[in-house]
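Quick note: the coordinates plus some simple rules give every number you see, no bench work behind them. Fair warning: this is a prediction, and the values are worked out from it, not measured in the lab. Cβ placement follows ideal geometry from the backbone for every residue including glycine, while neighbour counts extend to all protein chains displayed.
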């Protein structure tokens, strides 16, 4: 054999020899998975580009996690179809965490070696701390975060197994603790096999119970859903790291921003929180979700509401509804003004805040400038088909597109039914249903279907745009046929 062949094959197959990633198959999966307390399994396809990019990071993470130990394994779904089908794998790569031989949770962490190692180390320890004595329970009560507590007498009950499954899945986001002592359970007023959200002393208020007991069916998914809906209570503290848990259920989110600090000023923090909670309790059946947040740490979020320099000595209240609309309470906070603000919101009497550049006084250029405050009149004009580019001033691709987009607008300047437009999406709020996740993003909004704009995914040359608009325009263009070919001007008639 050629001397270069063996090293080349090792490189080609991702250093398969001596790999620290375990290989599982249909035949050995169930046996092997039970041998590990915690294990991460990648379900992949050899042809998948994302899988190929993940491979060296996954391999490096497997090597670094050997001493924890948290092994990493992989399953080739093009060959091992039974096990992949059993776990509902529909895309690649899919990563799943298993604990005690059973599926625990989908992996939601980073895809680089450092991130995988850090994430899986958090899964290596116990997902729920044991409350061996009263002091353990009291330490949690002296903290600043609500926690989920389970009260059992042994680990054999269905309630314990369900609690453990929920803890394994959610312990990155929430704190879990459990007792196996009938005496400790009784001293704290909990029956055997009960599960509850427990609020620390600093968060306790007369407007809600100190604990909330779980009364649902004993299955992990139901319990997890209940935890997400109840962990923060009537008005929990929202931070950058837990915000995603407040944005569930499609409920409008009411936030009070001020100098929230439970470590150094719990009394001052609760002074305002209790006033918020009194009104929140009054509106408990109104379909609103309430929270408090530290104004300084949420400066970037407040900027979305037009607040550049928050005054931490005051309370600022905002609402973001399910449609993404934003509302700011202009009056100084009091229970009366807050109550009135909520009534006006529920009665649809408030005007949403829009981050917008000034509306241009004139539009002489062929590419029309759209800002938030003229979006409706320009883009949603029922008499016009509109092609709109959402751009960022710093975006290199946008700068490259600019002269071509200008040329397109010039070529179509005489088309009465077409508007070529652009909007700086960093300086203006983008309304729904438009979704901008990168720059440039281009949409076509036909005049007879403004509620369903179509994402443009064609080429970026002038001819590509013309071909698209000629084909998609509500009415045939004056200067181009449906194939995008220029129409011939009528010839001069001979005398």
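Note on the chain: antiparallel DSSP beta bridges, both residues inside, total approximately 50 percent of the bridges counted.
To the nearest 0.05, what FRET efficiency results for residue 154 and residue 34 with a Förster distance of 30 Å applied to their C-beta separation?
On the way: r = 22 Å, r/R0 = 0.72.
Using R0 = 30 Å, I get an efficiency of 0.90.
Scaled to the compact-protein estimate 2.2 N^0.38 Å, what is the alpha-carbon radius of gyration of the stretch 285-397, rounded to two decimal places?
Numbers: Rg = 17.9 Å, N = 113, 2.2 N^0.38 = 13.3 Å.
That works out to 1.35 for the stretch 285-397.
Take the Cα radius of gyration of the stretch 129-230 and divide it by 2.2 N^0.38 Å, with N its residue count; two decimals is plenty. Walk me through the intermediate numbers first.
On the way: Rg = 12.6 Å, N = 102, 2.2 N^0.38 = 12.8 Å.
For the stretch 129-230, the normalised Cα radius of gyration comes out at 0.99.
How much mean residue ellipticity at 222 nm does the chain get from its helices, if each DSSP H run of length 4 or more adds -39500 (n - 2.57) and you divide by all residues, to the nearest 500 deg cm²/dmol? Computed ellipticity for the chain at 222 nm equals -9000 deg cm²/dmol.
Among beta bridges identified by DSSP and lying wholly in the stretch 368-472, the antiparallel ones come to about 45 percent.
Distance from the alpha carbon centroid of the stretch 97-171 to that of the stretch 217-295 works out to 22 angstrom.
Starting from a Cα-only point model with no solvent, please compute log10 I(q)/I(0) by Debye for the stretch 41-106 at q = 0.13, 0.22 1/Å. Log-scaled intensity ratios, in q order: -0.36, -0.98. For the stretch 5-124, the alpha carbon positions stretch 42, 31, 23 Å along the principal axes, listed from largest to smallest. How large is the Rg to Rh ratio of the stretch 393-435 when both quantities use alpha carbon positions and Rh follows Kirkwood? With Rg and the Kirkwood Rh in hand, the quotient comes to 1.03. Against the chain, whose longest principal axis is taken from its Cα atoms, helix 113-124 shows a tilt of about 30°.
Could you work out how far helix 462-472 tilts from the main Cα principal axis of the chain, as a 0 to 90 degree angle to the nearest 10? Roughly 80 degrees, rounded to the nearest 10. With only the Cα atoms considered, the chain has a convex hull volume of 239 Å³ per residue. Above 16 Å, the calculated P(r) of the stretch 235-346 contains 56 percent of its Cα-Cα pairs.
Over all distinct Cα pairs, what is the inverse of the mean 1/r for the stretch 351-494, reported as the Kirkwood hydrodynamic radius in Å?
On the way: mean 1/r = 0.0631 Å⁻¹.
Across the stretch 351-494, the inverse of the average 1/r is 15.8 Å.
Please report, largest first and rounded to whole Å, the three semi-axes of the ellipsoid equivalent to the stretch 182-304, where each semi-axis is the square root of five times an eigenvalue of the C-alpha gyration tensor.
On the way: eigenvalues 146, 67, 38 Å².
Values for the stretch 182-304, descending: 27, 18, 14 Å.
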